[in-house]
Amino acid sequence: MARRNTGVTVRAVDAGACPVREVLDRVAGKWSVQILVAAAARPVRFTELERGIEGISRRMLSLTLRHLERDGLVTRTVHPTVPPRVEYGLTPVARELQPTLRRLAHWAERNRGYVAEARAAYDAEHPPELLDA
């Protein structure tokens, strides 16, 4: 159904959904979740995150940390040592997310086999060329 048929203007729908979508896009991002989980127990250094999060590039880690810090979810502490030691920790707001992230991680772990089977069954019925249509 087209939005114009709902009786709600596009501007009203987008204005109400935008802040929620914006926050969820940041918090639920592939790398954000992993960083927030990795920093849950204690502050962590950049190199710890880089080694601990498989597949993340230095640039992506840096950008994601900067975004999380800007959004008030991560704190960045520079210790005056030579060389400087930088640690990233969670803010109280990000700590509120931990039970939800743990439940999500447990759900994903429990159901990853199911999802893999569902994907295989779907792929068997739908050739790849149909997915692009």
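Please give the charge dipole size of the range 41-119, origin at the Cα centre, charges +1 on K and R Cβ atoms and -1 on D and E Cβ atoms. Round to the nearest 20 debye.
Working: 15 positive and 9 negative charges, 10 e Å.
It works out to roughly 40 debye.
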*Selection of GluC sites (Glu not before Pro), the range 19-102, meeting DSSP coil and at most 11 other Cβ within 10 Å*: E54
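When ligands, DNA and RNA are left out and all protein chains stay put, how many square angstrom of accessible area per residue does the range 28-133 have with a 1.4 Å probe? Don't skip to the end; give the middle numbers.
On the way: 7660 Å² over 106 residues.
On a per-residue basis, 72 Å².
Ignoring ligands, DNA and RNA, how do S32, S57 rank by accessible area with a 1.4 Å probe, largest first?
S57, S32
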*Pair V115, R85: separation of 7 Å Cα→Cβ label points (nm)*: 3.6 nm
*Simple spin-label model, 7 Å along Cα-to-Cβ: A108 to C18 in nm?*
2.9 nm
*How far, in nm, would the chain grow between E96 and L63 when pulled straight, counting 0.36 nm per residue and subtracting the alpha carbon separation?*
9.6 nm
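The values are calculated or read from the model by the stated rules, or taken from the named source; none is laboratory data. This structure is a prediction, so every number in the text was calculated from the model and none was measured. Note that we place each Cβ from the backbone using ideal geometry, even for glycine, and neighbour counts take in every protein chain shown. These area figures cover heavy atoms from the full protein model, side chains too; ligands, DNA and RNA do not enter into them. Shrake-Rupley method; radii C 1.70, N 1.55, O 1.52, S 1.80 Å.
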